[in-house]
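**Student:** First the structure, then my questions, so here it is.
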Amino acid sequence: MVTFSDLIEELRSNVEYNREVFIALSKNPNLLFKKLTELVSFTGSRHKVTLQLHFPDSKKITHIDSYGTENISVVIDKFQKKFSVPKEDIKRKAVDLLGTDIQIQDAYMYEGKEGLRVIMENGRIEILPGSVHLWCILDKSVKNYVDWLMKNVYTPKANGIPT
């Protein structure tokens, strides 16, 4: 599986390659969103994940330089209910890589599902057994943490899937 950092770098490269198209579509946010969604979907599909960009502030759809730098979801297996590693390991690594100035909460604990929420100064990370949702700016520490998640929580081997 590709690292999260590589996935985001590929997305940013694809965005840059299509920059003129996005600029031309910026007067029509609906068409711009459609084209961006196609590009994001294509990038994710190359690595067998569902990649999504979110715009909680709809005005940011025209901020092309922000694409791939914040508010991203990566869905690996939407049906996964349990983490492939102990939740305590995920929590401990969050503190190691994101620092001690974070809050970690159990979240989404219903219908036998597990989940964690990491609250940081600049946003939050929602960690589910089959996906990660980043409602924050992707700085180096966030990328490093999600790289660790991709390698240790979301890999086929970690999920008991033969490689």
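Just so it is clear, none of the values below were taken in a lab; they were calculated from the coordinates. It should be emphasised that the depicted structure is a prediction, and the values quoted were computed from it without experimental measurement. Methodologically, a virtual Cβ is constructed for each residue, glycine included, from the backbone with ideal geometry; neighbour enumeration extends over all protein chains shown.
**Student:** Quote to one decimal, in nm, the extra length available between Ser141 and Ser5 on full extension: 0.36 nm per residue of separation minus the C-alpha distance between them.
**Tutor:** Values: separation 136, 0.36 × 136 = 48.96 nm, distance 1.09 nm.
So the chain would gain 47.9 nm between Ser141 and Ser5.
**Student:** Taking 20 °C and 1.002 mPa s as the conditions, I'd like the Stokes-Einstein D for the stretch 79-148 in µm²/s, using the Kirkwood hydrodynamic radius from alpha carbon pairs. Numbers along the way, then the final one.
**Tutor:** On the way: Rh = 12.2 Å.
Stokes-Einstein gives a translational diffusion coefficient of 176 µm²/s.
**Student:** Rounded to the nearest 0.05, what FRET efficiency is calculated for Lys78 and Glu16 with R0 set to 35 Å and r the Cβ-Cβ distance?
**Tutor:** 0.75
**Student:** So if we plug the beta-carbon distance of Glu111 and Asn30 into 1/(1 + (r/R0)^6) with R0 = 30 Å, what FRET efficiency do we get, rounded to 0.05?
**Tutor:** After rounding, the FRET efficiency stands at 0.30.
**Student:** With each label point set 7 Å from Cα along the Cα-Cβ vector, what nm distance links Asp89 and Ser58?
**Tutor:** For Asp89 paired with Ser58, the spin-label model returns 4.3 nm.
**Student:** What full-extension length gain, to one decimal in nm, is calculated for Arg46 and Thr155 as 0.36 nm per residue of separation minus the Cα-Cα distance? If you can, show how the numbers build up before the last one.
**Tutor:** Working: separation 109, 0.36 × 109 = 39.24 nm, distance 1.56 nm.
Full extension of this stretch gives 37.7 nm more.
**Student:** For the chain, what does -39500 (n - 2.57) per DSSP helix run (n ≥ 4), summed and divided by total residues, give at 222 nm, in deg cm²/dmol to the nearest 500?
**Tutor:** Taking each H run of at least 4 residues, the total per residue is -12000 deg cm²/dmol.
**Student:** How big is the convex hull of the Cα atoms of the stretch 4-75, per residue, in Å³?
**Tutor:** Spelled out: Cα convex hull of the stretch 4-75, divided by residues, is 75 Å³.
**Student:** Order these peptides, 82-93, 66-77, by their mean beta-carbon neighbour count within 10 angstrom, highest first. Display every interim value, and only then the final one.
**Tutor:** On the way: 82-93: 14.6, 66-77: 20.3.
Highest mean packing first, the order is 66-77, 82-93.
**Student:** Further question on the same structure: How big is the C-alpha Rg of the chain next to the rule-of-thumb value 2.2 N^0.38 Å, as a ratio?
**Tutor:** Dividing the Cα radius of gyration by 2.2 N^0.38 Å gives 1.06.
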